[in-house]
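Engineer: Before we start, here is the structure in question, set down as structure tokens.
The values are calculated or read from the model by the stated rules, or taken from the named source; none is laboratory data. Everything numeric in this text was worked out from a predicted model, so none of it was measured. Reconstructed Cβ throughout: ideal geometry from the backbone, glycine too, with neighbour counts over all protein chains shown.
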Amino acid sequence: MTAAKDGFRVLPGGTLTGTTTVPGDKSLSHRAVMFTALAQGASRIKGWLSAGDTEATLDSVQRLGVRVERHSRHNLTIYGGTFVKPERELNLVNAGTGIRLLTGIMVGQPFESVLDGTEQLRRRPMNRIIQPLRLMGANIESVNGYAPLTVKPAALKAVRYSMPMASAQVKSAILLAALFADGETAVTQPGPARDHTERMLSAMGARIREDGNTVYVQPGHTLTAADFTVPADISSAAFPIAAALIVPGSDITLTNINLNPTRTGLLDVLLEMGADLTVTETGLEAGEPVGTIRVRHSALKGIRVGGDVVVRMIDEFPIFMVIALNAEGETLVQDASELRVKETDRLAVMVAELAKLGAVITETPDGFSLKGAQSLKGAVTYGHDDHRISMSLVVASLVAKGESFVNDARCAGDSFPGFADVMRGIGADVSVIDLQEAAQ
Ligand code: S3P
């Protein structure tokens with residue numbers, strides 16, 4: 001295990017109460033930066049997520065010559081319209097969304113670019129975008145299907161493409177490349193992957209329409225500058241939601257959460273499990289429905305999860321595993337093999353790390369099964385440089401008997417800077433400490 005210097009120290013006990021929110025939506029923050037960079041003129045983005053992944057995207061558009069005025073960490077003006085050939089490679093660090101969507105844009109540019117990232121990003125499959133983009137005529141070189149990706153100028157043609165997996169990143173890469181193609185492109189997805197690209201591009205004047213599971217886009221990359229206020233990320237909200245569900249006596253309210261139906265699979269599943277959740281829509285932000293979620297500690301029952309709901313909660317499975325451990329009866333998850341190609345193999349890693357807390361979970365090729373409700377014991381676990389793993393282990397530790405440490409707090413900042421502060425704000429005993437010092 002690589003010892004990260006910083007970790008979370010977690011103590012169980014107490015109840016979670018109060019009203020809070022979480023940082024801006026990561027998917028929208030990546031897109032807002034990339035799409036306004038393509039648009040002629042000034043676009044103002046408020047509530048932007050400043051996190052490891054999204055800062056890498058912002059840095060990349062700046063390397064492409066786009067001027068960014070930073071009013072504060074979360075408020076930016078992007079002056080888009082023209083890209084210049086970057087002097088160095090575009091470094092997307094750990095961001096899968098960053099590299100896949102930006103490749104879709106780079107294939108349409110009249111200059112060569114190289115897109116790369118950390119060792120972790122270099123292990124993530126890129127053939128899923130390379131193959132359809134090559135069908136469109138893109139010139140992409142890779143290292144056996146992995147980053148770094150070298151993109152050379154090429155004329156793009158329209159395609160009809162049926163995606164083999166439900167992935168918003170793949171869908172978005174094709175839709176973006178299609179803006180530079182010679183006719184109408186159609187992308188058919190096997191399931192309802194998040195539709196932020198479609199919503200944001202159409203708000204910026206792109207000619208894009210949906211018919212069932214197929215999205216059609218007409219070329220013409222002159223997007224109109226637009227102002228966006230990014231709502232809070234439901235994938236980050238999932239951690240306090242889970243904590244309140246499993247810590248006895250809890251009652252919390254989360255405000256301004258993005259409730260786009262392609263992202264709310266977890267809420268649907270939790271309601272079916274008997275969760276005491278009240279979801280109230282309050283309006284629209286950046287073309288997305290937003291609202292308030294009240295969560296109270298609940299007696300949950302196990303559930304079978306599979307099919308179309310999987311993609312609507314794809315990032316929530318690590319924390320869902322923790323919730324399921326605390327539900328009465330059997331939980332079975334199927335059709336979720338995509339979890340194996342996220343920042344880590346999230347099925348294998350969660351099963352192994354939760355075992356350190358005493359959990360018994362059976363891993364299957366496309367999911368897992370377990371019998372709840374299990375009692376957990378305090379332990380030292382490891383986040384594997386995967387934000388959602390680290391934060392899920394913190395929440396699991398809140399109901400373990402005794403003190404726990406989660407090695408690797410840094411990675412939580414890839415999507416949820418201030419995670420420990422938000423958890424402490426609702427009463428959880430979570431702190432970031434120097435684990436090396438703690439061990440002495
Ligand atoms: C994302 C799509 C999902 C998700 C990721 C963000 C996006 O990935 O897991 O965290 O913003 O488009 P896939 O498209 O690979 O499923």
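Engineer: When residues of region 286-322 are filtered for being part of a loop (DSSP other than H, G, I, E, B) and either over 28 Å from Thr229 (Cα atoms) or without any contact (Cβ under 8 Å) to a residue 60 or more places away in the chain (or both), how many remain?
Structural biologist: Selection size over region 286-322: 7.
Engineer: Shifting gears a bit: Contact list please: Cβ distance under 6 Å, first residue in region 248-268 and β-branched (Val, Ile, Thr), second residue surrounded by 22 or more Cβ atoms within 10 Å (Cβ to Cβ) and in a loop (DSSP other than H, G, I, E, B), pairs at least six apart or on different chains.
Structural biologist: Ile252/Leu16; Ile252/Ile426; Thr262/Arg194
Engineer: Right, another one. Just checking, does region 347-363 include any residue being in contact with a helix residue (DSSP H, G or I) (Cβ under 9 Å, 6 or more places away or on another chain), hydroxyl-bearing (Ser, Thr, Tyr) and more than 28 Å from Leu254 (Cα to Cα)?
Structural biologist: yes
Engineer: In this structure, does Ala186 turn out to be in a loop (DSSP other than H, G, I, E, B) and over 17 Å from Gly96 (Cβ atoms)?
Structural biologist: So Ala186 fails the test.
Engineer: If a residue must be within 21 Å of Ser236 (Cα to Cα) and among the charged types (D, E, K, R), how many such residues does region 332-387 contain?
Structural biologist: Of the residues in region 332-387, 9 are within 21 Å of Ser236 (Cα to Cα) and among the charged types (D, E, K, R).
Engineer: May I pose another question? Just to check your reading of the model, which residue among Ala186, Ala206 is surrounded by fewer than 18 Cβ atoms within 10 Å (Cβ to Cβ), hydrophobic (A, V, I, L, M, F, W, C) and more than 13 Å from the ligand (Cβ to nearest atom)?
Structural biologist: Unique residue meeting the criteria: Ala186.
Engineer: Among the residues in region 422-440, are any under 20 Å from the mean Cα position of the chain (by Cα), of a type in the set (Val, Ile, Thr) and within 16 Å of the ligand (Cβ to nearest atom)?
Structural biologist: No, there is no match, as no residue in region 422-440 is under 20 Å from the mean Cα position of the chain (by Cα), of a type in the set (Val, Ile, Thr) and within 16 Å of the ligand (Cβ to nearest atom).
Engineer: Right, another one. Of the residues Lys5, Lys85, which single one is at negative phi, modelled with pLDDT of 95 or more and basic (Lys, Arg)?
Structural biologist: Lys85
Engineer: Follow-up question, since we're still on this one. Tell me whether region 104-126 contains one or more residues that are under 24 Å from Val159 (Cα atoms), polar (S, T, N, Q) and over 18 Å from the mean Cα position of the chain (by Cα).
Structural biologist: Yes, that holds for at least one residue.
Engineer: Looking at (1) over 21 Å from the mean Cα position of the chain (by Cα); (2) more than 30 Å from Glu112 (Cβ to Cβ), find the lone condition where Gln62 falls short.
Structural biologist: Result: Gln62 passes all but (2).
Engineer: Out of (1) within 19 Å of the chain's Cα centre (by Cα); (2) buried (at least 19 other Cβ atoms within 10 Å of the Cβ); (3) at pLDDT 95 or above, the odd one out for Glu285 is which?
Structural biologist: The one condition Glu285 does not meet is (3).
Engineer: Also, quick follow-up: On the basis of being surrounded by fewer than 24 Cβ atoms within 10 Å (Cβ to Cβ), among the hydroxyl-bearing types (Ser, Thr, Tyr), modelled with pLDDT of 95 or more and in contact with a helix residue (DSSP H, G or I) (Cβ under 6 Å, 6 or more places away or on another chain), does Thr15 make the cut?
Structural biologist: So Thr15 does not fit the description; no.
Engineer: If you don't mind, there's one more thing I want to ask. Confirm whether Gly191 is within 13 Å of the ligand (Cβ to nearest atom), modelled with pLDDT under 95 and either of a type outside the set (Val, Ile, Thr) or more than 27 Å from Asp315 (Cβ to Cβ) (or both).
Structural biologist: Answer is yes for this residue.
Engineer: Give Pro231, Pro219 a once-over and let me know the one that is more than 16 Å from Leu101 (Cα to Cα), surrounded by 24 or more Cβ atoms within 10 Å (Cβ to Cβ) and either away from the ligand (no atom under 16 Å from the Cβ) or at pLDDT 95 or above (or both).
Structural biologist: Exactly one residue qualifies, and that residue is Pro231.
Engineer: Can you tell me which residue within region 76-96, out of those that are surrounded by fewer than 24 Cβ atoms within 10 Å (Cβ to Cβ) and within 16 Å of the ligand (Cβ to nearest atom), is nearest to Ala154 (Cα to Cα)?
Structural biologist: Among them, the one singled out is Gly96.
Engineer: Filter region 17-74 down to residues that are under 19 Å from Ala237 (Cβ atoms), away from the ligand (no atom under 13 Å from the Cβ) and among the polar types (S, T, N, Q), then give me how many there are.
Structural biologist: 5
Engineer: Applying the selection to region 194-203, what residues are of a type in the set (A, V, I, L, M, F, W, C) and within 16 Å of the ligand (Cβ to nearest atom)?
Structural biologist: Met200, Leu201
Engineer: From the residues in region 116-130 that are in contact (Cβ under 8 Å) with a residue 40 or more places away in the chain and in contact with a helix residue (DSSP H, G or I) (Cβ under 8 Å, 6 or more places away or on another chain), which one is farthest from the ligand (Cβ to nearest atom)?
Structural biologist: Filtering region 116-130 for residues that are in contact (Cβ under 8 Å) with a residue 40 or more places away in the chain and in contact with a helix residue (DSSP H, G or I) (Cβ under 8 Å, 6 or more places away or on another chain), the one farthest from the ligand (Cβ to nearest atom) comes out as Gly117.
Engineer: Is there a residue in region 167-180 that is more than 23 Å from Ala95 (Cβ to Cβ) and either surrounded by 18 or more Cβ atoms within 10 Å (Cβ to Cβ) or more than 16 Å from the ligand (Cβ to nearest atom) (or both)?
Structural biologist: No, every residue in region 167-180 fails to be more than 23 Å from Ala95 (Cβ to Cβ) and either surrounded by 18 or more Cβ atoms within 10 Å (Cβ to Cβ) or more than 16 Å from the ligand (Cβ to nearest atom) (or both).
Engineer: For region 327-354, enumerate the residues that are in a loop (DSSP other than H, G, I, E, B) and either within 16 Å of the ligand (Cβ to nearest atom) or crowded, with 24+ Cβ neighbours inside 10 Å (or both).
Structural biologist: Scanning region 327-354 gives Ala327, Asp335, Ala336, Lys342, Glu343, Thr344, Asp345.
Engineer: In this structure, is Val33 closer than 30 Å to Val395 by Cβ and either buried (at least 24 other Cβ atoms within 10 Å of the Cβ) or in contact (Cβ under 8 Å) with a residue 24 or more places away in the chain (or both)?
Structural biologist: Judged against the criteria, Val33 is a match.
Engineer: Being in contact with a helix residue (DSSP H, G or I) (Cβ under 9 Å, 6 or more places away or on another chain) and part of a strand (DSSP E or B) is the filter here; which residues of region 248-284 pass it?
Structural biologist: Result: Asp251, Ile252, Leu254, Ile257, Asn258, Asp276, Leu277, Val279.
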